[in-house]
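In what follows, a single structure is set out as structure tokens and then discussed.
The values are calculated or read from the model by the stated rules, or taken from the named source; none is laboratory data. All figures in this text were calculated on a predicted structure; none of them were measured in a lab. Cβ placement follows ideal geometry from the backbone for every residue including glycine, while neighbour counts extend to all protein chains displayed.
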Amino acid sequence: MSDNFRIRTVDALSDDSLQNNFRGAMDFLQDKRHQAFQDLEFEKLRSEGADIRKNVIAHLPDLLEKLERKCIDNGIHVHWAEDAQQACRIVERIAKDNEVKQVVKGKSMVSEEIELNQHLEAQGIECIETDMGEYIVQLDHEKSSHIIMPAIHKTKEQIAQLFADKLNEDFGKPPKDATVDELIGVGRKVLRQKFMQADMGISGVNFAIAETGTLCLVANEGNGRISTGVPDIHVALIGLEKVIPSFAELPTLLKLLTRSATGQIMTTYLNMISSPRKDQELDGPSQVHLVIIDNKRSAMYQDDVLQETLTCIRCGACMNHYPVYTRIGGHAYGSTYPGPIEQIVTPQIEGIEHAGDLLDACSLNGACGEACPVSIDLPVVIRELRNKQTSLKPPHRVIWNIWRQFYRSTKRHALLSKFVSLCSRLPMPTPKAWSNTRTFPKPAPESFSTLIKKQKENERESE
Amino acid sequence: MNQSKANFLNRLRVSQQMIESTESETEKKSAINNASGKEVLTRLLENNRAILIETDYKELAQNINTQIKQLQPVQYIVSEHPRLKELLGNELTESNQCKLADTWREAKQQLFEDIELSICFADSALCEQGALLLKADKNQPRNLSLIPETSFIVVEASNIFPDLQQCVQSAHFDTRNLPSNMVLISGPSKTADIQ
Ligand code: SF4
């Protein structure tokens, strides 16, 4: 999956419009987040958030069992899936048992992680993304480029074109110079019709409250609420780390999540689902299913450094503050969670041997770790994964050892730099892709150590 | 399937012993007091493009009537929430008021296609979040505040809380008997997806 990362990065860097979209949007998000935290003591709140999430990790199995018990008491069906395959099959079976034909889906990272859309479509079940951004991305057969703003890489002109190409005439073709509001209007019309017809809704969960068996979802668009409240069946997918003990922890985490993600004090909606439709209620799903997904998370749990990954609340702040991501955009990553969090999650889910160059796309500058609202020390985790990756590759170790030989002794180092500076004076082919945009650095006429030596000699003479 | 559950709980339990828990009771105090609360609530709601109307009990129904006259929805619907009924009496314009059908299949169609405006009741308002808490039950279906383009949400000033924390701890929030669905709403639906 990540093997082509390098190629996609080069593509992304040569796409000017992509870069402009990204820089603009990322600067905007960074600013907004900064403003949103101004009314609060970020550090204090953040350490509260980190404590809460660490406590969850400490009590994870018990909390999960409690969550299951409460949910069952409330009439919610609970399923456990060990991997992506099993999770997909569970959803497929729920759909088939109920003769579901049309599924609407709210935004859910974990559903992308397990590639649920593809699975359901292969079974002949249509699965429509209902988040406007995700829908746009789905129409164009792409993957989302940002976990909070999936279509951020597209301009409104590109979207107008896409709607004009792909949508049914009945919805009215948007003109080329359509405004943002007009485009959203067209998108809404299409989606509302899908909502009416859908017999099953799928969503993610931001926090699952163990004490009461309540599933909490944040959203800015009504579609999340529609996916969970209009169709007759609601299936909620949850990574096993998303559980929290009680309502008491919710306010702190919510504050951190909304501010970090989109710089909002509060999202438009916080949807809290505790049971299926009750007796005499007119609406709401008659079945609610909760699928708790492991998919390698328990393996992360077993490593005391990597374990920290599980405290992530998927806010995206690390990405918006991440210099590499703000330049190449999310598509270069080619998988579900782009940015620093991707660097630490994907290798763990897909296996470190598939990580390729992904782990190297980081300067360990620490910007992501500083932004993280639950104080995950992302650079440390990335370094740990790099260590693991390197230990798998014998040539790396050999090269490293040779390097060490030269850098450990001043003499050998001086010898090496002389050799290198001599070589670079020889006419040599320069790598094309690289020198297209850069000039090859010229070595200084004299090396640093020679300069020092000379200066010392001068000093001695003048004494 | 139970095998899966046992498997993955086991995997977690193996390593759980090694993690120390950091039980810390930080004192949680709201930065907002009652006086500034309403101001914050107003500011946040208005920032989110919600329109605020302050009114006393006597003029509530009349105020809503004026709005309805201006907006001229083809049809509108009023939640059957008992407190809301009490507050509104029989004073709302009847001509374009409608009732929902008995089955969800038909009611859904009404909500999506005919009803342009709804009037609902919020149990409480939260200043710090700038949001209203609505509970779903047989009198107030959850989709009432969601599908119609415009929603009027009535909240009583006596039900304003400084923040979510205090609301959750209050009698308003009976964790042993939660409604099937609750929602915090801080403004009309929006998307930041097209720029
Ligand atoms: S690692 Fe931290 S900043 Fe990044 S998505 Fe997770 S919680 Fe947010």
Practice problem: Those residues that are more than 13 Å from the ligand (Cβ to nearest atom) and more than 10 Å from chain B (Cβ to nearest Cβ), I need them from the stretch A:301-323; list them, please. | Solution: A:Val305, A:Pro323
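Does the stretch A:280-290 include one or more residues that are of a type in the set (Val, Ile, Thr), in the same structural domain as A:Asp62 (by TED's automatic domain parsing) and out of contact with any His (no Cβ under 9 Å at 6 or more places or on another chain)? Reasoning before the result, please.
Taking the stretch A:280-290 first, the residues of a type in the set (Val, Ile, Thr) are A:288.
Narrowing the set further to residues that are in the same structural domain as A:Asp62 (by TED's automatic domain parsing) leaves A:288.
Among the residues that remain, those that are also out of contact with any His (no Cβ under 9 Å at 6 or more places or on another chain) are: none.
Scanning the stretch A:280-290, I find no residue that is of a type in the set (Val, Ile, Thr), in the same structural domain as A:Asp62 (by TED's automatic domain parsing) and out of contact with any His (no Cβ under 9 Å at 6 or more places or on another chain), so the answer is no.
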Quiz prompt | Hey, A:Cys362 surrounded by 16 or more Cβ atoms within 10 Å (Cβ to Cβ) and either at pLDDT 75 or above or near the ligand (Cβ under 9 Å from one of its atoms) (or both) or not | solution = no
Exercise. Check the stretch A:149-165 and report whether any residue there is modelled with pLDDT of 80 or more and within 14 Å of chain B (Cβ to nearest Cβ).
Key: no
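Mind listing whichever residues of the stretch A:366-406 are within 16 Å of the ligand (Cβ to nearest atom), of a type in the set (Gly, Ala, Ser) and more than 15 Å from A:Thr309 (Cβ to Cβ)?
The initial filter retains those residues of the stretch A:366-406 that are within 16 Å of the ligand (Cβ to nearest atom), namely A:366-385.
So of that shortlist, the ones also of a type in the set (Gly, Ala, Ser) come out as A:366-367, A:369, A:371, A:375.
Residues satisfying the conditions are A:Gly366, A:Ala367, A:Ala371.
When you check B:Leu144 against the structure, is it touching a residue at least 60 places away in the same chain (Cβ under 8 Å), on the phi < 0 side of the Ramachandran plot, part of a helix (DSSP H, G or I) and facing chain A (nearest Cβ under 9 Å), yes or no?
Against the criterion (touching a residue at least 60 places away in the same chain (Cβ under 8 Å), on the phi < 0 side of the Ramachandran plot, part of a helix (DSSP H, G or I) and facing chain A (nearest Cβ under 9 Å)), B:Leu144 qualifies.
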Practice problem: Specify the residue that is surrounded by the most Cβ atoms within 10 Å (Cβ to Cβ); the eligible residues are those in the stretch B:144-162 that are at pLDDT 90 or above and more than 15 Å from B:Phe121 (Cβ to Cβ). | Solution: B:Phe161
Quiz item: Which condition does A:Leu416 not pass, out of (1) within 15 Å of the ligand (Cβ to nearest atom); (2) aliphatic (A, V, I, L, M); (3) part of a helix (DSSP H, G or I), if it passes all the others?
Solution: (1)
Quiz item: Is there a residue being away from chain B (no Cβ under 11 Å), within 19 Å of A:Met109 (Cα to Cα) and more than 16 Å from the ligand (Cβ to nearest atom) anywhere in the stretch A:250-270?
Solution: no
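Can you name the strands (runs of 3 or more DSSP E) wholly within the stretch A:57-137 that have at least 1 residues being modelled with pLDDT of 90 or more? Break it down stepwise before answering.
Numbers: elements: A:77-81, A:102-105, A:126-129.
Answer list for the stretch A:57-137: A:77-81, A:102-105.
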Exercise. Check whether at least one residue in the stretch B:167-176 is assigned to a loop (DSSP other than H, G, I, E, B) and modelled with pLDDT of 90 or more, and report yes or no.
Key: no
Quiz item: Does A:Asp279 satisfy the condition of being at pLDDT below 80, surrounded by fewer than 24 Cβ atoms within 10 Å (Cβ to Cβ) and outside any helix (DSSP H, G or I)?
Solution: no
Quiz item: Hey, B:Asn90 hits all of (1) free of Cβ contacts under 8 Å to residues at least 12 places away in the same chain; (2) in contact with a strand residue (DSSP E or B) (Cβ under 7 Å, 6 or more places away or on another chain) but one; which does it fall short on?
Solution: (2)
